[in-house]
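The values are calculated or read from the model by the stated rules, or taken from the named source; none is laboratory data. Small disclaimer: the values here were computed from a predicted structure and weren't measured. For neighbour counting, all protein chains shown are included, and Cβ atoms are generated from backbone atoms with ideal geometry for every residue, glycine included. Calculation scope for accessible area: heavy atoms of the full protein, side chains included, ligands and nucleic acids excluded. Shrake-Rupley method; radii C 1.70, N 1.55, O 1.52, S 1.80 Å.
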Amino acid sequence: MEHKAYLFDTELFNQELRPIILAAGKNNDSILLRNYIAKNIGKVRSVYSGELLENNWENELEIGNVQELADFSLTCFYNPEDVLGLSYSWDVLLEALKILSTKFDADYYILGRPLELDTFSLDPGGMGMGFVQMKDISLILEDLINIKDALIEAGEVPTEVLYQFTLQEFIEACDELIGLYTEAHESKSGLLITF
């Protein structure tokens, strides 16, 4: 699976759309999201074409369920054409970070946290979706830099990580992740992570 990340306005999302998605998902009520999209024509993009939606936007839908409508709605907070991410090296890096000591759960660094309530979990593509909150970006960035610097100073990767990475490979993978968090930090945004 290919790891994709997008600069995402988690602050505005949490205020404006998060409660709507959770209510729609909990009650399996697509009307809330249809109303949100209709109210935000000119801001919402098609997740299929990347184009801004117009008044005939419902023609873009394939299923029209809560997951698909939420996927469209999320585009108010990121540009689906500006794809970042770790491509295919994410899983090995995640396993390495789980062995090392991190400030947050290692999954949060690579996968974000899912949006869930009761039995509902936001996952439009069915392959996983998570968010890294803007307030945590600088803390994670600092932690990643400290981990990398400590390993460079030690001159080796812990034995448990060796089967996955040489020191140089780990540094390169870590630099890619640091670059992602640096972009988010500089743009004062959070991250949306999906596959």
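Do we have GLU176 as more than 30 Å from VAL47 (Cβ to Cβ), open to solvent by 70 Å² or more (accessible area, probe 1.4 Å) and in contact (Cβ under 8 Å) with a residue 60 or more places away in the chain here?
It is false that GLU176 is more than 30 Å from VAL47 (Cβ to Cβ), open to solvent by 70 Å² or more (accessible area, probe 1.4 Å) and in contact (Cβ under 8 Å) with a residue 60 or more places away in the chain.
Given the conditions (1) surrounded by 18 or more Cβ atoms within 10 Å (Cβ to Cβ); (2) modelled with pLDDT of 95 or more, which single one is not true for GLU186?
(1)
Within the stretch 101-114, can you find the residues that are open to solvent by 50 Å² or more (accessible area, probe 1.4 Å) and of a type in the set (D, E, K, R)?
Within the stretch 101-114, LYS103, ASP105, ARG113 qualify.
Checking ASN28 against (1) within 30 Å of GLU176 (Cα to Cα); (2) open to solvent by 40 Å² or more (accessible area, probe 1.4 Å): exactly one of these is not met. Which one?
Status for ASN28: all satisfied but (1).
Among the residues of the stretch 54-100 satisfying the criterion of being touching a residue at least 40 places away in the same chain (Cβ under 8 Å) and hydroxyl-bearing (Ser, Thr, Tyr), which is least open to solvent (accessible area, probe 1.4 Å)?
Taking the candidates together, the pick is SER73.
State yes or no: is TYR181 out of contact with any Gly (no Cβ under 7 Å at 6 or more places or on another chain) and either at pLDDT 95 or above or within 26 Å of CYS76 (Cα to Cα) (or both)?
So TYR181 passes the test.
For the stretch 115-145, enumerate the residues that are open to solvent by 70 Å² or more (accessible area, probe 1.4 Å) and either modelled with pLDDT under 95 or not in a helix (DSSP H, G or I) (or both).
Across the stretch 115-145, the qualifying residues are GLU116, ASP118, THR119, MET127.
Between a first residue in the stretch 4-29 that is under 10 Å from PHE120 (Cα atoms) and a second residue that is open to solvent by 50 Å² or more (accessible area, probe 1.4 Å) and in a strand (DSSP E or B), which pairs have beta carbons less than 8 Å apart while being 6 or more apart in sequence or on different chains?
LEU22/LEU117; GLY25/LEU117; LYS26/LEU117
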